[in-house]
Ligand code: SAJ
């Protein structure tokens, strides 16, 4: 392909950075980069997303993101488009969902790489941020080498490379994304050491933390290890909650006291692990190295089983009470966000809905309407005072700030299952 050809793009302009995927990671990343003074083209396949952002509005909930996007769009530093643009840095931040077979889905990553390939010019740098199995960055490099035989592609060329390719995982916490994008340390894995140095030039513009360089495969594994570490540790806490239940002991007190040991730091049990990262990424390691990962796989199973345990216990609380009303407090996968994806609380609510139907009351301050599947069962979205007044059984599934004032007294004469230890506080 003739690389002097005009690009089908957001105009034929040159941007500093082109970010692929304007979701929970891509949009904040594009906006923070734009606010650091680099001109960014954000690319998304959704017409609604592109139109919303170009109006200076946002389609996701994240603290302070609305003002930032409004500002950088108004300043013309961020432009959303359906099509890729010419840029110095091409950042891929598209989803890598887990399939029903528990294998990572790389279609969006590979499709972004395919889109980028014809637009690459010598000196450009391609960076993958999406959580990916070990070896994905190399697959991208191979794809680009195949599509662009005219370019020296790192890993494929024997001569000097014309472009750089690196993996730099995002590691920001939903709810604190803008702050953590700037303050977190970053791990930058280059296909070659020169690639890591090239990619670092982008992160140096907005990251206040330290940027550590390594190779691409190690960086890919670092990301998977971080979330697997947390999953294994939450599984330990969830397992303790089952043991404590068996003995009739307060697990929150046990953990609090054990954590007074100078080298013990146990996490908190809950109704299971949610979100699209910690509940997902460990499978990427298990899928690629099943023989070597019994602990990681078991931790996943322990966390999945905790949700089953919660459902079974709530059903047992209701047994023999055919008219009982049950209230679920919280649907989000963690406190103070609107994200219901992979939420154990949603799973509990869906399962209860099939038993209770219109006798299920749901309190979720972060949504205006119930997801369709839940609404169809007759379950209703209501406010906290109504649930407290009307329900006989209460399940605290999310420790939203709005629930933190609750004490045992609010549930006097009712049954309550506090899966988050909220009433302990
Ligand atoms: N949870 C517990 N007990 C705990 C801590 C968490 O049950 O003690 C549950 C939460 O309720 C939630 C789930 O775990 O359902 C995950 O929540 P989280 O706050 O631990 O993490 P995420 O999924 O919001 O974000 C994680 C972070 N990874 C790590 O902390 C290692 C974040 O830094 C990553 O960038 C993000 O995954 C990601 O995108 O990979």
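Scan region 198-220 for residues that are out of contact with any helix residue (DSSP H, G or I) (no Cβ under 7 Å at 6 or more places or on another chain) and surrounded by 23 or more Cβ atoms within 10 Å (Cβ to Cβ) and jot them down.
198, 199, 202, 219 - these are the residues of region 198-220 that are out of contact with any helix residue (DSSP H, G or I) (no Cβ under 7 Å at 6 or more places or on another chain) and surrounded by 23 or more Cβ atoms within 10 Å (Cβ to Cβ).
Given the condition farther than 30 Å from residue 101 by Cβ and modelled with pLDDT of 95 or more, answer yes or no: does some residue in region 268-287 qualify? Full working, then the answer.
Of all residues in region 268-287, those farther than 30 Å from residue 101 by Cβ come to 268.
Applying the additional criterion that residues be modelled with pLDDT of 95 or more yields 268.
Yes, region 268-287 contains at least one residue that is farther than 30 Å from residue 101 by Cβ and modelled with pLDDT of 95 or more.
Looking only at region 269-286, decide whether some residue is at negative phi and free of Cβ contacts under 8 Å to residues at least 40 places away in the same chain. Don't jump to the end; show me each part of the working.
If we filter region 269-286 for residues that are at negative phi, which is where we start, we get 269-271, 273-274, 276-286.
From what is left, the residues that are free of Cβ contacts under 8 Å to residues at least 40 places away in the same chain are none.
No - not one qualifying residue is present in region 269-286.
Test residue 225 against the criterion of being in contact (Cβ under 8 Å) with a residue 40 or more places away in the chain, assigned to a helix (DSSP H, G or I) and within 16 Å of the ligand (Cβ to nearest atom), and give yes or no. Explain how you work it out, then say what you get.
Numbers: in contact (Cβ under 8 Å) with a residue 40 or more places away in the chain: yes; assigned to a helix (DSSP H, G or I): yes; within 16 Å of the ligand (Cβ to nearest atom): yes.
Yes.
Give the number of residues within region 136-160 that are buried (at least 17 other Cβ atoms within 10 Å of the Cβ) and at pLDDT 95 or above.
Matching residues across region 136-160 total 13.
Output the qualifying pairs, or none if there are none: Cβ atoms under 9 angstrom, residues six or more apart or on different chains, first residue in region 12-28 and on the phi > 0 side of the Ramachandran plot, second residue more than 16 Å from the ligand (Cβ to nearest atom).
Matching pairs, first to second residue: 21/42; 21/43; 21/44; 21/45; 21/112.
Condition check ((1) assigned by TED's automatic domain parsing to the domain that holds residue 280; (2) away from the ligand (no atom under 15 Å from the Cβ); (3) surrounded by 15 or more Cβ atoms within 10 Å (Cβ to Cβ)) across all residues:
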| site | (1), (2), (3) |
| --- | --- |
| 345 | yes, no, yes |
| 348 | yes, no, yes |
| 351 | yes, yes, yes |
| 354 | yes, yes, no |
| 357 | yes, yes, no |
| 361 | yes, yes, yes |
| 364 | yes, no, yes |
| 372 | yes, yes, no |
| 385 | yes, yes, no |
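With the condition kept exactly as written, say whether any residue in region 366-378 is out of contact with any helix residue (DSSP H, G or I) (no Cβ under 7 Å at 6 or more places or on another chain) and in a strand (DSSP E or B).
no
Mind checking which residues of region 293-335 are within 11 Å of the ligand (Cβ to nearest atom) and not in a helix (DSSP H, G or I)? Spell out the reasoning first.
Within region 293-335, the first condition is being within 11 Å of the ligand (Cβ to nearest atom), and the residues that meet it are 303, 306-307, 330, 332-335.
Answer for region 293-335, where residues must be within 11 Å of the ligand (Cβ to nearest atom) and not in a helix (DSSP H, G or I): 330, 332, 333, 334, 335.
So in region 251-273, with the set limited to residues that are surrounded by 13 or more Cβ atoms within 10 Å (Cβ to Cβ) and part of a loop (DSSP other than H, G, I, E, B), which one is nearest to the chain's Cα centre (by Cα)?
Initial filter on region 251-273 (surrounded by 13 or more Cβ atoms within 10 Å (Cβ to Cβ)): 251-252, 254-256, 266-273.
Those still in the list that are part of a loop (DSSP other than H, G, I, E, B) too: 266-273.
On the way: 266: 22, 267: 19, 268: 19, 269: 20, 270: 18, 271: 18, 272: 16, 273: 12 Å.
Across region 251-273, the extreme among qualifying residues is 273.
Enumerate the strands (runs of 3 or more DSSP E) found wholly within region 155-220, keeping only those where 3 or more residues are within 21 Å of residue 95 (Cβ to Cβ).
Passing ranges, in order: 164-167, 186-190.
The values are calculated or read from the model by the stated rules, or taken from the named source; none is laboratory data. Keep in mind that what you see is a predicted model, and the values were worked out from it rather than measured. Glycine also receives a Cβ, built like all others from the backbone with ideal geometry; neighbour counts cover every protein chain displayed.
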